[in-house]
1. Just give me the residues in the stretch 1-54 being surrounded by fewer than 12 Cβ atoms within 10 Å (Cβ to Cβ) and not in a helix (DSSP H, G or I), in sequence order.
2. Anything in the stretch 1-40 that is charged (D, E, K, R) and in contact (Cβ under 8 Å) with a residue 60 or more places away in the chain? List them, or say none.
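No value in this document is a laboratory result; all are computed from the given coordinates. What you see is a predicted model; the values in this text were computed from it and never measured. Methodologically, a virtual Cβ is constructed for each residue, glycine included, from the backbone with ideal geometry; neighbour enumeration extends over all protein chains shown.
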Amino acid sequence: MAAAKYKQYYQNMIVDNQKLFADFLPIHDGFVAGEISQEEFNMVGAKVVDVIRDWDRRLCSAMGKGAYSKYAEKLSEKFWGEARKTYPQIDRVGVKVE
């Protein structure tokens, strides 16, 4: 059985940006452990989030208009869910802590 389209796009994104994601994983894990500052996490994480958003747009762009807009929204959530499996704190990129 073929993988779902969003999973294929996610795998393609990881392969195409292998170095970026490989560099981000220890920073993400260090941030979770409290060893990496929010600033460093944001600096590298911003590039990762930009790549994820770009691939999300590629996946959902054709469906975003008309009758399939609700489907595109759910597909986008599934795509981001794949990213959150590996990087659970990805939503904290760009958050300013005072």
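1. Met1, Ala2, Ala3, Gly34, Glu35
2. Lys5, Lys7
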